[in-house]
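Quick notes on the structure that follows.
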Amino acid sequence: MSRKKLEEVADGIFMEPVPITLGDEVRIKYKGLLAEAKAEKVFLHAGYGSKWEKSIDLQMRKGRDGSWSVTINVDEPSQLNFCFRDNAQNWDNNYGRNWSYQVHTGDEVPQ
């Protein structure tokens, strides 16, 4: 199975697939502030809904181009929220706004 090209959804944030459907395996690539600062390790911090339910931290893999990537299985039919941190507890949370994407159930047509 060939992989699709990641879509830049925000400055330095790439995702595939977009839009997100319940059950998708979503690839996230990060080239933001922590990558630019040459962090030793970067983690994706993710959760669902307005209260960040089922929050997790996933260690990302460093690419040859200095970017970081990870895959997350989307298993909640709500809103996927995420931000990034490094091993020194420096955070990139989009200036307090984080990144949030609606998870579709496949019943509706995303716009």
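Every number in this text was worked out from the coordinates using simple rules, so none of it is lab data. Just so it is clear, the model here is predicted, and its values are computed rather than measured. Reconstructed Cβ throughout: ideal geometry from the backbone, glycine too, with neighbour counts over all protein chains shown.
Some points to look at:
- Residue count for the range 37-59, restricted to those that are assigned to a strand (DSSP E or B) and either of a type in the set (A, V, I, L, M) or without any contact (Cβ under 8 Å) to a residue 12 or more places away in the chain (or both): 6
- Residues (under 17 Å from Phe84 (Cβ atoms), in contact with a strand residue (DSSP E or B) (Cβ under 6 Å, 6 or more places away or on another chain), charged (D, E, K, R) and crowded, with 16+ Cβ neighbours inside 10 Å) located in the range 1-44: Arg27, Lys29
- Inter-residue pairs, beta-carbon under 7 Å, first without any contact (Cβ under 8 Å) to a residue 60 or more places away in the chain and of a type in the set (Phe, Trp, Tyr) and in the range 75-96, second crowded, with 18+ Cβ neighbours inside 10 Å and part of a loop (DSSP other than H, G, I, E, B), 6+ apart: Phe84/Gly32
- Qualifying residue in the range 39-61 (condition: touching a His at 6+ places or on another chain (Cβ under 7 Å) and basic (Lys, Arg)): no
- Scanning the range 10-36 for residues that are within 15 Å of Gly63 (Cα to Cα) and not in a strand (DSSP E or B) yields Gly12, Lys31, Gly32, Leu34, Ala35, Glu36.
- Screening Gly106 with (1) under 24 Å from Lys41 (Cα atoms); (2) touching a strand residue (DSSP E or B) at 6+ places or on another chain (Cβ under 6 Å); (3) part of a loop (DSSP other than H, G, I, E, B); (4) not charged (D, E, K, R) gives one miss only, at (1).
- In the range 95-103, the count of residues that are more than 16 Å from Arg27 (Cα to Cα), of a type in the set (Gly, Ala, Ser) and under 14 Å from the mean Cα position of the chain (by Cα) is zero.
- Identity of the residue in the range 52-99, surrounded by 15 or more Cβ atoms within 10 Å (Cβ to Cβ) and of a type in the set (Ser, Thr, Tyr), that ends up nearest to Thr21 (Cα to Cα): Ser78
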